[in-house]
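Asker: Here it is, the structure, as structure tokens.
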Amino acid sequence: IVSLVALGFDIEKGHIYFQYENKKLRDLAFEIGTKTIFSELSAIYGFQGDVKIAHMISVLVQNADILQPQLREYGGPKPTVIPVGVDQDPHIRLTRDIASRMRMFLVEKRLDDKNKTKRMDFKPTYLERGVLDAIREKLKEEGYSTEEHTFHIDISNVQDVRALERIVRDVEFEHRGYGFFLPAATYHRFMQGLTGGKMSSSVPESYIALTEPPEDAAKKVLQAKTGGRVTVEEQKKLGGLPEECTIYELLMSHLIEDDAQVKELFEECKSGKRLCKACKAQAAELMFSFLKRHQEERERAREVLMQHEMYKEWFR
Ligand code: SF4
């Protein structure tokens with residue numbers, strides 16, 4: 001948390017929480033559990049009969065993590081973007097399904113023969129008392145022509161589906177519904193470890209911790225696996241393999257912000273103009289300065305957190 005704040009997280013605008021002490025999150029997870037079945041989790045995560053219940057609950061809690069920003073306490077439904085690792089894709093898809101299931105209504109665009117009719121579906125099993133009357137009234141007020149069926153309402157003069165969705169969501173929210181937007185996500189790929197392959201806490205040379213001494217981190221960079229050739233001559237002739245190089249990955253992902261500079265570096269490596277010894281020395285130096293600066297920032301961040309009503313408890 002200290003590093004997060006040191007890296008620029010604004011505690012006045014953002015919110016940090018521990019799952020175990022967040023009652024709203026646990027309540028939401030519980031409700032999500034009423035919309036999720038075992039065979040679904042089993043199909044996604046491979047759960048068998050011997051899986052612990054707590055393991056299944058942890059999935060629901062993570063679904064709740066994703067939907068939590070849309071709770072009433074945080075301003076209600078809103079579009080959200082969740083940054084996750086690529087391996088978390090099934091998790092995001094499951095949460096999107098759940099968000100949809102937790103809606104009272106589903107607006108679906110259906111075209112008739114003349115390509116005109118739009119239809120709104122609703123889920124009658126999850127309606128609070130009075131919701132349907134409120135939705136009828138609102139649609140009438142907004143000038144929509146409706147035709148009611150047992151499980152859906154046809155609306156024939158929809159110009160803007162989003163406007164209709166907004167109306168439906170507002171009514172749902174006023175009647176204690178969630179009105180969730182489906183969460184979106186950005187997918188992030190993993191960096192390989194400095195020794196090649198995966199980073200592992202049992203192989204300290206494979207990763208750099210934000211709290212480790214900058215000189216030690218710089219040494220690790222100097223010893224990291226590169227995409228260089230066996231000899232300098234070969235590298236000058238054939239060029240290096242930045243796609244396989246941990247140093248390039250480090251420079252690209254963390255140490256050089258300017259994309260044009262990263263591109264130039266890539267091309268220099270490919271063409272054999274750039275050699276690994278100098279390249280590693282540059283990366284080691286950048287890593288050293290970054291960590292030194294970051295660790296000074298951490299001290300400042302700790303003071304900020306200690307003075308903050310909500311977070312000072314954690315530093316007692
Ligand atoms: S020159 Fe740099 S980027 Fe290219 S392989 Fe060597 S260390 Fe990696």
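The values are calculated or read from the model by the stated rules, or taken from the named source; none is laboratory data. For clarity, every value in this text was computed on a predicted model and none was experimentally measured. Heads up, the Cβs are rebuilt from the backbone with ideal geometry, glycines too, and the neighbour counts pull from every protein chain shown. Just the protein is used for accessible areas: all its heavy atoms, side chains included, with ligands, DNA and RNA removed. Shrake-Rupley method; radii C 1.70, N 1.55, O 1.52, S 1.80 Å.
Asker: Efficiency by 1/(1 + (r/R0)^6): what FRET value for Asp121 and Gln261, r their Cβ-Cβ distance, R0 = 51 Å, to the nearest 0.05?
Answerer: 0.45
Asker: Percent of accessible area on the chain owned by carbon and sulfur, 1.4 Å probe?
Answerer: Its accessible area is 53 percent carbon and sulfur atoms.
Asker: Averaged per residue, what accessible area in Å² does segment 86-217 show with a 1.4 Å probe, protein chains only?
Answerer: I get 60 Å² per residue for this part.
Asker: Relative contact order for segment 204-315 using alpha-carbon pairs under 8 Å, separation at least 6, rounded to a whole percent?
Answerer: With pairs under 8 Å counted, the relative contact order is 30 percent.
Asker: Note down the relative contact order for segment 193-235 as a percent, whole number, built from C-alpha pairs under 8 angstrom at least six residues apart.
Answerer: 33 percent
Asker: How many Lys pairs in segment 55-198 lie less than 18 angstrom apart by Cα atoms, where the lysines are 8 or more positions apart or on different chains?
Answerer: So the count works out to 5.
Asker: How much FRET efficiency would the formula 1/(1 + (r/R0)^6) give for Arg72 and Glu243, where r is the Cβ-Cβ distance and R0 is 41 Å, rounded to 0.05?
Answerer: Calculated value: 0.30.
Asker: List the trypsin sites (Lys or Arg not before Pro) within segment 1-83 that DSSP assigns to loop and that have no more than 10 neighbouring Cβ atoms inside 10 Å.
Answerer: Lys13, Lys52
Asker: Right, next: Using only the Cα atoms of segment 1-122, build the gyration tensor, take square roots of its eigenvalues as a ≥ b ≥ c, and label the shape rounded, prolate or oblate: rounded if a/c is under 1.5, else prolate if a/b is larger than b/c, else oblate.
Answerer: In terms of gyration-tensor shape, oblate.
Asker: Further question on the same structure: Taking only Cα atoms and a 10 Å spring cutoff, compute GNM fluctuations for the chain and point out the largest among His91, His175, His55.
Answerer: For the chain, modelled as a Gaussian network with Cα springs under 10 Å, the answer is His55.
Asker: Positive end of the dipole of segment 204-315, charges at C-beta (+1 Lys, Arg; -1 Asp, Glu), about the Cα centre: which of Tyr311, Ala209, Gln235 has its Cα farthest in that direction?
Answerer: Of the candidates, Gln235 comes out farthest on the positive side.
Asker: Here's something else I'd like to know. Run down the aspartates and glutamates and flag those whose C-alpha is under 18 Å from the C-alpha of Lys263, throwing out any fewer than 8 positions away in its chain.
Answerer: Hits, sequence-local ones excluded: Glu243, Glu244, Glu249.
Asker: So which lysines pass the test for Lys312, namely a Cα distance under 26 Å, with those fewer than 8 places away in the same chain ruled out?
Answerer: Answer for Lys312, where 26 Å is the Cα cut-off: Lys13, Lys23, Lys24, Lys292, listed by chain and number.
Asker: Taking the Cα-to-Cβ direction at Leu210 and at Lys312 and moving 7 Å from each Cα, how far apart do the two end points lie in nm?
Answerer: 2.3 nm
Asker: State the Cα centre-to-centre distance between segment 160-191 and segment 44-70 in whole Å.
Answerer: Taking the Cα centre of segment 44-70 as reference, the centre of segment 160-191 is 21 Å away.
Asker: Pick from Glu73, Glu12, Glu212 the residue whose mean-square fluctuation is largest in a GNM of the chain, springs joining Cα atoms under 10 Å.
Answerer: Glu12
Asker: Rolling a 1.4 angstrom probe over the protein chains, ignoring ligands and nucleic acids, what is the accessible area of Cys276 in square angstrom, nearest 10?
Answerer: For Cys276, the solvent-accessible surface is approximately 40 Å².
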